[in-house]
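One structure below.
The values are calculated or read from the model by the stated rules, or taken from the named source; none is laboratory data. Not measured: the values here are computed from a predicted model. Virtual Cβ from ideal backbone geometry, glycine too; neighbours counted across all protein chains shown.
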Amino acid sequence: MKVPSLLLLALVALTPLSAVADEALVKFDGAIGADSVSAAHQGAAGTATGVTLNIVRGVQPPAQLWRIADFEAEVMADGRIRATGRGLVFAGGNTIGTALVVTPTGGTAGLNVFATLICENIAPFTERNTNPKGVPLAANGDFTIDDVLSSPPPRSSCATPVLLIRNAGNRNWFAAGIQKFEDNH
């Protein structure tokens, strides 16, 4: 009788851990494409005197505009992440409407992307990354990330989450997820 009792006790003790692992920490539905400039500064005559780069929690923006058609992501309490993007493409320049970059020889090449979750809204920021080698970004801008974050998310909450989709080459951000809030109605 002691063996079944011990098994039952072990099962009860492990149930909360598996429940936490399956609990979503944060969800994202939709995303914002990157704009490298967040503000332009004007002089007295109305002429531009400079710009402020659109740096998000310490992460540099790309040099060109990007847009994204559709995005969904879910980050679990244990750090597992699944993100699916559609139509992450240039919104300007010679390769507008594609996710291809022009090579020095005049050809085109694809990019790889990875995800970064940052929960802190005041520095220092902790970057919780998927594999920084990334996954391929298709020419039409589609991608799927199914990975585990490099550092686990905070145990209690991620009150001000930012999920960035980043270039695996220069590590600049291309898109930022829009947090999905559960409807309590």
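Would you check which residues across the range 35-65 are hydroxyl-bearing (Ser, Thr, Tyr) and either part of a strand (DSSP E or B) or modelled with pLDDT of 95 or more (or both) and list them?
Of all residues in the range 35-65, those hydroxyl-bearing (Ser, Thr, Tyr) come to 36, 38, 47, 49, 52.
Selection gives Ser38, Thr49, Thr52.
Within the range 104-134, being closer than 15 Å to Ser150 by Cβ and among the hydrophobic types (A, V, I, L, M, F, W, C) holds for Phe114, Ala115, Leu117, Ile118, Cys119, Phe125.
Select from the range 100-117 the residues that are modelled with pLDDT of 90 or more and in contact with a Gly (Cβ under 8 Å, 6 or more places away or on another chain) and write down the one among them that is farthest from Thr160 (Cα to Cα). Looking at the filtered set, the residue picked out is Leu111. Filtered by the rule that a residue be exposed (fewer than 14 other Cβ atoms within 10 Å of the Cβ), touching a strand residue (DSSP E or B) at 6+ places or on another chain (Cβ under 6 Å) and among the hydroxyl-bearing types (Ser, Thr, Tyr), the range 87-107 gives a lone residue, Thr103.
Residues in the range 48-100 that are touching a Leu at 6+ places or on another chain (Cβ under 6 Å) and either of a type in the set (S, T, N, Q) or free of Cβ contacts under 8 Å to residues at least 40 places away in the same chain (or both): Gly92 alone. In the range 118-129, the residues that are closer than 9 Å to Gly58 by Cα reach residues that are of a type in the set (Gly, Ala, Ser) and in a loop (DSSP other than H, G, I, E, B) with C-beta atoms within less than 7 angstrom, at least six apart or across chains, in these pairs: Ala123/Gly58; Phe125/Gly58. Tell me, please, whether a residue that is among the aliphatic types (A, V, I, L, M), in contact with a Lys or Arg (Cβ under 9 Å, 6 or more places away or on another chain) and part of a strand (DSSP E or B) can be found in the range 122-143. So far as the range 122-143 goes, no, none of its residues is among the aliphatic types (A, V, I, L, M), in contact with a Lys or Arg (Cβ under 9 Å, 6 or more places away or on another chain) and part of a strand (DSSP E or B).
Residues that are touching a helix residue (DSSP H, G or I) at 6+ places or on another chain (Cβ under 6 Å), charged (D, E, K, R) and within 21 Å of Gly134 (Cα to Cα): does the range 71-91 have at least one? Let's see the steps before the verdict.
From the range 71-91, those touching a helix residue (DSSP H, G or I) at 6+ places or on another chain (Cβ under 6 Å) are 77-78; that's our starting set.
Cutting the leftovers down to charged (D, E, K, R) gives us 78.
Checking the rest, the ones that are also within 21 Å of Gly134 (Cα to Cα) come to 78.
Scanning the range 71-91 turns up at least one residue that is touching a helix residue (DSSP H, G or I) at 6+ places or on another chain (Cβ under 6 Å), charged (D, E, K, R) and within 21 Å of Gly134 (Cα to Cα).
Considering only residues in the range 66-86 that are assigned to a loop (DSSP other than H, G, I, E, B) and surrounded by fewer than 18 Cβ atoms within 10 Å (Cβ to Cβ), the one that is modelled with the highest pLDDT turns out to be Ala69.
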